[in-house]
Amino acid sequence: MIPARGRVRVALAHDARMETRQIGVISGFDLSSFNRLASPFYQLGAASTHLELRSEAADLFGFDFQSAGPWPGARSQVEIRARGGPINGIAQWIALDMDTIGRYENHPGPTGSSWAVLFHPFPAVIESQPGQSYNIFGRHDSTALRIWGTSAG
């Protein structure tokens, strides 16, 4: 079954376990420089209880699968307002409109999904204030999607 439409959704987030994914000092040697070689994103398992969204979700990209493509590369930007608290990345997931009635979304949360949520970490934790604006940017081509963010102010 091919859905009628699909969307890439994003939100500011805090992954409480992100630091465990990074290399630090091991046996007296500072290996933190190797963190620059890490993938720009990683998967969070179904029902990740250590992920907290720090903003409302927004659609970064939309695809109309009824048009049969091709879908040329594109860039997009959304402005999101933080709820406040520490932010260390962007959560990304999908929403599919199967038809005019049926909808599926693997929204992050305790219910889980068979499709992982992707997490795009920031270089450092940001202490956000409620209502503070951030820009989330995206770019895709026929094979890859890249997502990053900056403060809007």
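The values are calculated or read from the model by the stated rules, or taken from the named source; none is laboratory data. Just so you know, these numbers come straight off a predicted model, no measurement behind them. Ideal geometry is used to build each Cβ from the backbone, glycine not excepted, and the neighbour counts take in all protein chains shown. Surface areas here come from the heavy atoms of the whole protein model, side chains and all, with no ligands, DNA or RNA. Shrake-Rupley method; radii C 1.70, N 1.55, O 1.52, S 1.80 Å.
Looking at 94, 80, just one residue is at pLDDT 90 or above and either within 19 Å of residue 151 (Cα to Cα) or among the charged types (D, E, K, R) (or both), and that residue is 80.
With a requirement of 1 or more residues that are closer than 26 Å to residue 35 by Cβ and touching a His at 6+ places or on another chain (Cβ under 7 Å), the strands (runs of 3 or more DSSP E) lying completely within the stretch 94-153 that satisfy it span 145-151. Tell me, yes or no, whether the stretch 94-107 has at least one residue that is basic (Lys, Arg), under 16 Å from residue 9 (Cα atoms) and in contact (Cβ under 8 Å) with a residue 12 or more places away in the chain. No: zero hits.
Exactly one residue among 74, 124 is modelled with pLDDT under 90 and small (Gly, Ala, Ser), and that residue is 124. Scanning the stretch 104-121 for residues that are open to solvent by 30 Å² or more (accessible area, probe 1.4 Å) and either within 19 Å of residue 55 (Cβ to Cβ) or at pLDDT 90 or above (or both) returns 105, 107, 110, 118, 121.
Checked against the criteria, residue 79 counts as in contact (Cβ under 8 Å) with a residue 60 or more places away in the chain and either open to solvent by 100 Å² or more (accessible area, probe 1.4 Å) or not in a strand (DSSP E or B) (or both).
Determine, yes or no, whether residue 89 is assigned to a strand (DSSP E or B), surrounded by 16 or more Cβ atoms within 10 Å (Cβ to Cβ) and of a type outside the set (Lys, Arg).
So residue 89 passes the test.
In a residue-by-residue description of the stretch 61-74, the property of being open to solvent by less than 40 Å² (accessible area, probe 1.4 Å), aromatic (Phe, Trp, Tyr) and under 13 Å from the mean Cα position of the chain (by Cα) applies to at least one position. Selection of first residues in the stretch 16-45 that are among the aromatic types (Phe, Trp, Tyr) and of second residues that are outside any helix (DSSP H, G or I), restricted to Cβ pairs under 6 Å at least 6 apart or on distinct chains, gives the following pairs, ordered by first then second residue: 34/23; 41/118; 41/120; 42/119.
Restricting 150, 100 to those that are of a type in the set (Ser, Thr, Tyr), more than 19 Å from residue 2 (Cβ to Cβ) and open to solvent by 40 Å² or more (accessible area, probe 1.4 Å) reduces the list to 150.
Within the stretch 24-42, the set of residues being surrounded by 12 or more Cβ atoms within 10 Å (Cβ to Cβ) and under 14 Å from the mean Cα position of the chain (by Cα) comprises 41, 42.
For the stretch 12-23, give me the residue count where each residue is open to solvent by less than 100 Å² (accessible area, probe 1.4 Å) and either more than 26 Å from residue 150 (Cβ to Cβ) or in contact with a Phe, Trp or Tyr (Cβ under 8 Å, 6 or more places away or on another chain) (or both).
Step one: of the stretch 12-23, the residues open to solvent by less than 100 Å² (accessible area, probe 1.4 Å) are 12-16, 18, 22-23.
Then drop every residue that is not either more than 26 Å from residue 150 (Cβ to Cβ) or in contact with a Phe, Trp or Tyr (Cβ under 8 Å, 6 or more places away or on another chain) (or both), which leaves 12-13, 15, 18, 23.
Residues in the stretch 12-23 being open to solvent by less than 100 Å² (accessible area, probe 1.4 Å) and either more than 26 Å from residue 150 (Cβ to Cβ) or in contact with a Phe, Trp or Tyr (Cβ under 8 Å, 6 or more places away or on another chain) (or both): 5 in total.
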